[in-house]
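Notes to accompany the following structure.
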Amino acid sequence: MTTFKDYIKQHRGIDMPEGDISMEWFEKNHLPMIVECTYCGMTMAAPNAMVDDDEYLCCKSCAE
């Protein structure tokens, strides 16, 4: 299990900035700003998502 931030760094070579990230940054890097947990359907800001070993996005609750 890894954070969305670490996942895009490892797989796309993109460093996600800290703090508030503008919508323009997501658009420029072709990344979603809002994602959905594969397991429970909750939506969240992409930086709050986790990526499991099968590369599914999940919320922190489902990651546990």
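Since every read-out is calculated from the coordinates, none of them should be taken as a lab result. Source: prediction; values computed, not measured.
General observations
- Calculated [222 nm] ellipticity per residue, helices only, for the chain: -7000 deg cm²/dmol; basis is -39500 (n - 2.57) per DSSP H run with n ≥ 4, divided by all residues, nearest 500.
- Base-10 log of normalised Debye intensity for the chain (one unit scatterer per alpha-carbon) at q = 0.22 Å⁻¹: -0.90
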